[in-house]
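Engineer: I'd like to ask some things about the structure below.
The values are calculated or read from the model by the stated rules, or taken from the named source; none is laboratory data. Since the model is a prediction, treat every value here as computed from it, not as a measurement. Every residue, glycine among them, receives a Cβ derived from its backbone with ideal geometry; neighbour counts consider all protein chains shown.
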Amino acid sequence: MCTQLPYCIDSGCTSHCSPVQSDFINLMPIPHRVVCGMNGRAIPAIGIGTIKLRCRKGRRIVLKNALLVPDAILCLISIGKLADDALTTTFEGSICHICKSSGKTIADGTRKGQGLYYLAGSDPKSDEWAFISHASPDLANWHICLGHINYTSII
């Protein structure tokens, strides 16, 4: 399964997450759990399950214990959780590789501008995207909406 939203490879998040219920191949409801963002804003996670992403060359990456976070504006892949599943993530300039313990690359990511690394095959520039938020636009919200770009560039 794969979402219409791009997946971002993020070293700062502690769990894989998606706001799209159809991304999950299995999903169990959980008591509302709070997920905090870099701006301190808290949003609820309402489910946990497995996401199976198709990568290039027919390879797949399985995101275990991923959270369903309906109010999230991005799909995130946690580098820490990948490490827990014996996958290695390396960064070389604007390219990122996710590899099995054997060293075989199963997925690649590409850095967009000064922002996040996007999983190859889910290029946010290939389609138009609209991220909708109910929060008042402030510097922290713009930071998130613009892919965690630095504050100076936003201003």
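Engineer: Please determine whether any residue of region 10-27 is over 12 Å from the mean Cα position of the chain (by Cα), of a type outside the set (Asp, Glu) and surrounded by 14 or more Cβ atoms within 10 Å (Cβ to Cβ).
Structural biologist: yes
Engineer: Modelled with pLDDT of 70 or more, of a type in the set (D, E, K, R) and exposed (fewer than 12 other Cβ atoms within 10 Å of the Cβ) - does that describe any residue in region 133-140?
Structural biologist: Scanning region 133-140 turns up no residue that is modelled with pLDDT of 70 or more, of a type in the set (D, E, K, R) and exposed (fewer than 12 other Cβ atoms within 10 Å of the Cβ).
Engineer: While we're here: For region 1-46, how many residues meet the condition of being under 21 Å from ARG59 (Cβ atoms) and at pLDDT below 90?
Structural biologist: Total satisfying the criteria: 7.
Engineer: How many residues does region 34-46 hold that are surrounded by 14 or more Cβ atoms within 10 Å (Cβ to Cβ), over 16 Å from ILE77 (Cα atoms) and in contact with a strand residue (DSSP E or B) (Cβ under 6 Å, 6 or more places away or on another chain)?
Structural biologist: Number of matching residues: 3.
Engineer: Next question, about the same structure. Condition first: under 12 Å from the mean Cα position of the chain (by Cα) and assigned to a loop (DSSP other than H, G, I, E, B). Now tell me which residues in region 65-82 satisfy that.
Structural biologist: VAL69, ALA72, ILE73, LEU74, listed by residue number.
Engineer: Also, quick follow-up: What residue, among those in region 47-63 that are without any contact (Cβ under 8 Å) to a residue 24 or more places away in the chain and within 19 Å of THR105 (Cα to Cα), is surrounded by the fewest Cβ atoms within 10 Å (Cβ to Cβ)?
Structural biologist: Looking at residues that are without any contact (Cβ under 8 Å) to a residue 24 or more places away in the chain and within 19 Å of THR105 (Cα to Cα), I get GLY58.
Engineer: Being more than 20 Å from LYS52 (Cβ to Cβ) and in a loop (DSSP other than H, G, I, E, B) is the filter here, so list the residues in region 83-101 that pass it.
Structural biologist: Across region 83-101, the qualifying residues are GLY93, SER94.
Engineer: Condition first: polar (S, T, N, Q), in contact with a Phe, Trp or Tyr (Cβ under 8 Å, 6 or more places away or on another chain) and either at pLDDT 90 or above or under 12 Å from TYR7 (Cα atoms) (or both). Can you find one or more residues in region 74-85 that meet it?
Structural biologist: No - not one qualifying residue is present in region 74-85.
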